[in-house]
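Input: a single structure, listed below in structure tokens.
The values are calculated or read from the model by the stated rules, or taken from the named source; none is laboratory data. These figures come from a predicted structure and were not determined experimentally. For neighbour counting, all protein chains shown are included, and Cβ atoms are generated from backbone atoms with ideal geometry for every residue, glycine included. Note: accessible area is taken over every heavy atom of the protein model, side chains too, but ligands, DNA and RNA are not part of it. Shrake-Rupley method; radii C 1.70, N 1.55, O 1.52, S 1.80 Å.
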Amino acid sequence: MTLKRLALGGILLLYAAFIIRLNRPVMAAAAPAAICTWPDSTTGNWTDASTWSCGVVPGPTDNVNVGLGGVIILNTNATISSLTMTGGMITGTGALAVSGLAQFVPSVSVTIHTLGSSLPHILSAPNSGVIVRLTDPALTADSLNTVTISNPVGSNGSTVFEIGPRSINTLIMHNGNFGVTSDLTVTQIVSWTSGSLNAYFNSPAHFTLANTAVMTIANGPAAPGLYLPLINEGTVTWLGTQSLLAGPKGTWTNNGTLNLYSAPIANVTFGEESVPFTNIGTLRVNATGDVQFDYALLNYGEVVLNSGALNMHWNNYTQWAGHTHLNGGNLAGVSKCCNLDNYPIYLYGGTLSGSGIITGGIENRGGTVRLTGALTATARYLQSVTGTLQVTLTGLTDFGTLSVIKRGGLSDGADISIDGTLIVNQADGFNPASGDRFQIMTGLTANGAFQQSSGNMAPAFSGYAGLGAVIVAEPTNAALVQARPFHTQGTRGGDNGYTIAIQNPTTQTLAVNSLVAYLPLSFTYKLGSTTGVFHTNPFDFVSNGRRNLSFSPGFTVPARERREFSFGLTIDPAMPVGRYPISVDANTTLASQSNLVKLVNVAPLEVPLG
């Protein structure tokens, strides 16, 4: 090949390369994000580029605005960056994928009716009377990462999801109405300051907080409302002082944890009349004030009252299982608003324990009351044949007690009425001696008898009721003695006196051999004033700085009966102002066993000034 031919071939190759390069298509630069607006009151297809303000069909980087009265037919799949609707409709068999925020801030209603759309972030804030409807039974799995309902303050606008059973990661409820037509589950966070949760179109939808979720209820512009069943599997913390309004469908099933807090300046109404709150998990009251509970509370789990008070307003507190523990807080039965005679709480199962006040009293019809602290019940304590009372004795004065006091003028029945079972145990390291007595309950009156006793102190020790007390003692030492003044105040230089009663709570005859009353020296016995089972003047003598009145001869008290006597006294004109208790020793015999029953510093008589 000659040099000339080589040169010509090189030129041809260079020319061919130039031609190929010249005919290669040039790559277009990426289009910048556009704002594409669909005009007001315009109907057309999504794919009609001429209708969009941006002149093209919106793409993945574009932000879309839909104007008032606009109707877009979407029969294909489309992807955009964000969506803002102030009114109008998107409808069709297509799917709309919005990678960013889809927000609905309409003054007229908005409807989205698609199939298979992707809406990961939704903000809905309609004005009053406006409805936002999202209908898409095939909504993609990446949808509803965050849903925010934040209407303008005072707006009752509604947002309705018709999307089938779905999950939301985060739900923020600031105001307005949010409704569903199928079950909805939140898996991460609920922030609820106001607004309502609803089941629309008479649907049986439930709202569930998953066990991985946390919900906070706090103060907002209006009280939150619950109008569909709520099932809590996670943790709810209620910080607000406003009411939670609940409709007939607004039941609450607490399988997780609910922590209730309230401020001291206001009662908190939780729920509505005749709507049940079923606690299977844990309910903790950590209030600085009163929590007014309008739900009918059915307990199967754990209720812990750490502070404040849980007040049942319209419906009963009923426990079927689980545990109620007063740990510094108080509990009140139904008050019916203004009625001072509260109803009791009802125990059909589970346990009750702790220290605090139960206003309205306790009806134990199948549960166990464990005396672990200083428990007080107003009105009454009633234990049926299926109820149980349990106490552990750790010392002569170291054991739990229940005091029953009158409140609000309630006078029907006895303060304390016992039946059923007593469980009495001694703690490790404590060895009670024969003749020891333990007063575990006190009230104005007490009656009834335990059907059976168990525990490691039974059958040597059992429980007995009478004369306003329930004691644990050996059967031979079960006599009950009570002293009370004629008048709780005594004028200096005036007359007063005492009535002393003896009750035999056993099934055998009790003999009272003699009785000694120990009085202040300035109390003088009135001769001839003794009446009742003792009816003669006592032997009156002074010993150890006290006046001793020794009454005899003795008398008997039949099984399950009581006897009493009275005597008068005169108060010295120079008696110092103060409160003066007395003491009583009763020498008794039961089943050939002699015992000394002692009352120490009881029945105080007050001598007022002047």
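Summary table below
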read-out: Antiparallel DSSP beta bridges within the range 423-509, percent to nearest 5; value: 95 percent
read-out: Å³ per residue enclosed by the Cα convex hull of the range 512-610; value: 112 Å³
read-out: Rounded to whole Hz, the Karplus (6.51, -1.76, 1.60) HN-Hα couplings of the range 301-312, x for glycine and proline; value: x, 10, 10, 10, 9, 7, 6, x, 8, 9, 9, 6
read-out: Descending principal axes extents, the range 367-459, alpha-carbon based, whole Å; value: 44, 25, 24
read-out: Segment Ala460-Ser107, length gained on full extension (0.36 nm per residue, minus Cα span); value: 119.0 nm
read-out: Volume per residue that the Cα convex hull of the range 417-561 spans, once the total is divided by residue count, Å³; value: 140 Å³
read-out: Antiparallel content of DSSP bridges confined to the chain, in %, to 5; value: 25 percent
read-out: Helix axis angle, 3-23 relative to the chain longest principal axis, alpha carbon, degrees; value: 50 degrees
read-out: Alpha-carbon spread of the range 125-236, three principal axes, descending order, Å; value: 32, 30, 25
read-out: Relative contact order of the range 105-263, defined on C-alpha pairs under 8 angstrom at six or more residues apart (%); value: 14 percent
read-out: Gain upon complete extension [Thr237, Val56; 0.36 nm per residue less C-alpha separation]; value: 60.2 nm
read-out: With all protein chains modelled, accessible area of Glu606 [1.4 Å, Å²]; value: 70 Å²
read-out: Exposure of Leu521 as accessible area (Å², to 10), given a probe of 1.4 Å and all protein chains; value: 80 Å²
read-out: Rule-of-thumb Rg ratio for the range 267-333 [Cα; 2.2 N^0.38 Å; N residues]; value: 0.98
read-out: Accessible surface of Met457 - all protein chains present, 1.4 Å probe, nearest 10 Å²; value: 10 Å²
read-out: Kirkwood Rh, angstrom, the range 75-123 [1 / mean 1/r, Cα pairs]; value: 10.9 Å
read-out: The range 280-334 and the range 565-610: distance between their alpha carbon centers, rounded to Å; value: 41 Å
read-out: Nearest-0.05 FRET efficiency for Ser274 and Phe539, computed from C-beta distance (R0 56 Å); value: 0.25
read-out: Reciprocal of mean inverse Cα separation for the range 317-381 (Kirkwood radius, Å); value: 11.6 Å
read-out: Order by protection proxy (mean Cβ within 10 Å, highest first), peptides 489-499, 68-78; value: 68-78, 489-499
read-out: Contact order normalised by residue count of the range 482-606, Cα under 8 Å, 6+ apart, percent; value: 36 percent
read-out: Solvent-accessible area, 1.4 Å probe, carbon plus sulfur percent, for the range 335-405; value: 54 percent
read-out: For the chain: span of alpha carbons on each principal axis (Å, largest first); value: 156, 61, 42
read-out: The range 87-161: Cα Rg divided by the 2.2 N^0.38 Å rule of thumb; value: 1.05
read-out: Share of pairwise Cα separations in the range 547-600, more than 16 Å, in percent; value: 60 percent
read-out: Over the chain, relative contact order from alpha-carbon pairs under 8 Å, at least 6 apart, %; value: 5 percent
read-out: For the chain, calculated [θ]222 nm from helices alone, where every DSSP H run of n ≥ 4 adds -39500 (n - 2.57); value: -1000 deg cm²/dmol
read-out: Most positive-pole-ward Cα, Thr397, Ala218, Ile358, against dipole of the chain from beta carbon charges; value: Ala218
read-out: Solvent-accessible area per residue, Å², over the chain with all protein chains present [probe radius 1.4 Å]; value: 42 Å²
read-out: Environment charge of Leu569, counting only residues whose C-beta is closer than 11 Å and scoring Lys/Arg +1, Asp/Glu -1; value: -1
read-out: Of all DSSP beta bridges in the range 353-475, antiparallel share, percent nearest 5; value: 20 percent
